[in-house]
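To start, the structure itself, in structure tokens.
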Amino acid sequence: MLDFGFDLPKNITAASSWKIGARSLAPGRIPLLMGIVNVTPDSFSDGGLFFQPDSAISHGLQLLADGADILDVGGQSTRPGSDSIDEKEEWRRLEPVIRGLRESTSAPISIDTYYPSVAERSLAAGADVINDIRAFRDPAMLRLAIESRCGLCAMHMLGEPKTMQNAPYYEDVTAEVGRFLKERRDYLLSAGIEPERIALDPGVGFGKTTVHNLDLLKNVWRYHELGCPLLVGHSRKRFLGEIIGSAEADRLPATIQVSLSLARQKVQILRVHDVGAVRNALLRGA
């Protein structure tokens, strides 16, 4: 079991909901669960399993049946060392999945992309959220965020996926990530975007060592002071295998233990692969 061994303040004040378009998503007894739909041949955990549109759509609908509150659909891997694909290929992968899911469900759909053209087409096809690992640093993505009124997720990443794990260094990872998230929040607010539309993601595993990741996971609650919903994607990541002593071991138990800790810290959104198992564990621990 992962025991972080720290005490939380008695009263944590957290944003109450995440506004995406005309609706607001609010955690209940447990955090909101964002189910992962990877339409890729090479994602670190399930690459290739749902690469065909029919299998990706079926997987997304199963995640909703398992209790997902929102689906996050991505067309290219951002695992450490991954090569990027161009926006034309990313949209080719995503278009039938986004359209198929929207035809089958009214549940919120997030598009995981840093290409403005792909985000724009996805929103037109029915997506509700832009999940941008580059945190809206592209002016075209910012313009789209302003015009669309969709939900937003801005993530911290040190470097780029291809090289981000090449000896990442921080003096104080929690403080430095916090400063970045504040800067991104202020940038979006200055553009007229409401704080309740902005989810902030510390980017666990994106340019961080295992020590960095553990430091962030122990201190995520500190980012509530930014006044925006917090989103954490820790599911099945490599550092969990390093902690439990086997890179090839089943990482679900460790994923669940981290999820329980994040729930105690009142993190509003957890991005996970195994929605049903995580949801059941959170309900038992609530």
Q: Answer yes if at least one residue in segment 266-279 is among the small types (G, A, S), under 23 Å from D132 (Cα atoms) and touching a residue at least 60 places away in the same chain (Cβ under 8 Å), and no otherwise.
A: no
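Okay, residues lined up against (1) out of contact with any strand residue (DSSP E or B) (no Cβ under 9 Å at 6 or more places or on another chain); (2) at pLDDT 95 or above; (3) more than 23 Å from G60 (Cα to Cα):
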| position | (1), (2), (3) |
| --- | --- |
| D186 | yes, yes, yes |
| F206 | no, no, yes |
| T210 | yes, no, yes |
| R236 | no, no, no |
| G245 | yes, no, yes |
| P253 | yes, no, no |
| V272 | no, yes, no |
| G276 | yes, yes, no |
Q: Take the residues in segment 225-274 that are part of a helix (DSSP H, G or I) and among the basic types (K, R), then tell me which one is surrounded by the most Cβ atoms within 10 Å (Cβ to Cβ).
A: R238
**Q.** Filtered residue count, segment 146-185, keeping only those that are charged (D, E, K, R), open to solvent by 30 Å² or more (accessible area, probe 1.4 Å) and under 12 Å from F136 (Cβ atoms)
**A.** 2
Q | Single match in R121, R92 (criterion: open to solvent by 70 Å² or more (accessible area, probe 1.4 Å), touching a helix residue (DSSP H, G or I) at 6+ places or on another chain (Cβ under 7 Å) and either closer than 18 Å to K19 by Cα or not hydroxyl-bearing (S, T, Y) (or both)) | A | R121
Q. Looking at R99, R134, R143, which one is under 13 Å from the mean Cα position of the chain (by Cα) and open to solvent by 60 Å² or more (accessible area, probe 1.4 Å)?
A. R134
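Out of H234, H212, H224, I need the residue that is free of Cβ contacts under 8 Å to residues at least 60 places away in the same chain and within 22 Å of I30 (Cα to Cα). Which one?
Working: H212 fails: within 22 Å of I30 (Cα to Cα); H224 fails: free of Cβ contacts under 8 Å to residues at least 60 places away in the same chain.
When all the criteria are applied, what remains is H234.
The values are calculated or read from the model by the stated rules, or taken from the named source; none is laboratory data. Note that the coordinates shown come from a computational prediction; the quantities given were computed from them, not determined experimentally. Glycine also receives a Cβ, built like all others from the backbone with ideal geometry; neighbour counts cover every protein chain displayed. For the accessible areas, the whole protein counts, side chains as well, though only heavy atoms, and no ligand, DNA or RNA atoms are used. Shrake-Rupley method; radii C 1.70, N 1.55, O 1.52, S 1.80 Å.
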